[in-house]
Amino acid sequence: AAANAREQEATQQYELSVALTGLNDESAIAQTLAKQVLSLTNAEYVEVKLATGSFSLPEKTLPNRNADLQIPIQTIKNVLGEIVLWRAVPSFTSGEKRLIQTFASQTALALERAKFAQSESRAKVLEESDKLKSAILSSVSHELRTPLSTIKAASSSLRSNEVSWDSPARVELISAIDDEADHLNLLVGNLLDMSRIEAGVLKPKREWNLLAEIVNGVLERMKYFAEEHKIEVDVSEDLPLAPVDYVQMEQVFTNLLSNSLKYAPVSTTVRIEAKVENDMLHIVLSNQGPQVPNEDLERIFDKFYRTTAADKVTGTGLGLSICKGIIEAHGGNIWAENLPNGFAFNFTIPLFLDGKPAPKLPLDSEME
């Protein structure tokens, strides 16, 4: 009988050990322990008290009397909590007390392991955060230097008496200031968007918008940047309205178009087209720039990842990562592909908002 009791006790200890394995949350550990103790002792009431809170079973009013058994949960150095039980009849046997004490020791080890895992996780997060900050500072300090230098040089020339107000050089200097200011604005916007994505607070304000209007607005603002390329657009105004955040979708087109113009050779064509595929809007931005190695096609959307001609083309490596965050926040997907004569970005956007299709435009109603 004694041998059977020891075997049963060992089995129960093993079952608790298995149940606690992999738990890194103190409340989950307390809940698991309380269930195991209640099941094996048939106690009237079990409460597991920890520094971060307590967990009780069953879910009923605490007995209006002193506890019948209290077992500390402790390590060699610290008391982490205690197991409190109520069971007036029958009283707890020495074997049950020994088993609960063993449970308390197992729980103490699990709690120490959980604290260690949480500390390790925080250390990893801090390490990644430091790496991200270092990468941002390194990238941004380099990227800011060029436009700021250009703006400073142009503004200094305009303030001097060397450039007359009627001179063609004045127009060029003003244009340089305007272009570089746009560059800085895009850079700062990307940094702010990335911080929101990292914090999980980049929530799109989805409303019904005309995709052609968004594209035309982006092209108008980037006309000077794109003047050395040929831009072809096949985005019909007859497409269904798209449930998108207008500003965020402008950012997507701006970043993808900016990337295409940077890498595509001068005088080549950059094409933007959109079409409906099932319940999605599929947008393609293609260019005649260099292809990307197949193994890098997915990685180009990672933060700070740059590949083709990265040593010759300026950039922070944030633009494509931001596009991915925005598109995925809209419930869509984004990917890149090599073409026979170039390269293309693809992304999709759902055409339904809260399960409802796009409303008809006023023009559609008038034609019926």
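Does region 64-78 contain any residue that is out of contact with any strand residue (DSSP E or B) (no Cβ under 8 Å at 6 or more places or on another chain), farther than 15 Å from A108 by Cα, open to solvent by 20 Å² or more (accessible area, probe 1.4 Å) and not in a strand (DSSP E or B)?
Yes, that holds for at least one residue.
Considering only region 206-249, state which residues are surrounded by fewer than 17 Cβ atoms within 10 Å (Cβ to Cβ) and of a type in the set (D, E).
Listed by number, the residues that qualify are E207, E213, E220, E227, E228, E232, D234, E237, D238.
Considering only residues that are within 17 Å of E120 (Cα to Cα) and in contact (Cβ under 8 Å) with a residue 40 or more places away in the chain, which ones fall in region 22-31?
L23, N24, D25, E26
If a residue must be among the small types (G, A, S), open to solvent by 20 Å² or more (accessible area, probe 1.4 Å) and part of a helix (DSSP H, G or I), how many such residues does region 79-132 contain?
8
Which residues, taken from region 203-247, are closer than 30 Å to K356 by Cβ and among the acidic types (D, E)?
Listed by number, the residues that qualify are E207, E213, D234, E237, D238, D245.
The values are calculated or read from the model by the stated rules, or taken from the named source; none is laboratory data. Here the structure is a predicted model, which is why all the values come from computation and not from measurement. Backbone-built Cβ (ideal geometry, glycine too); neighbour counts: all protein chains shown. Ligands, DNA and RNA are stripped out before the accessible areas are found, and what is left, the full protein with its side chains, is counted by its heavy atoms. Shrake-Rupley method; radii C 1.70, N 1.55, O 1.52, S 1.80 Å.
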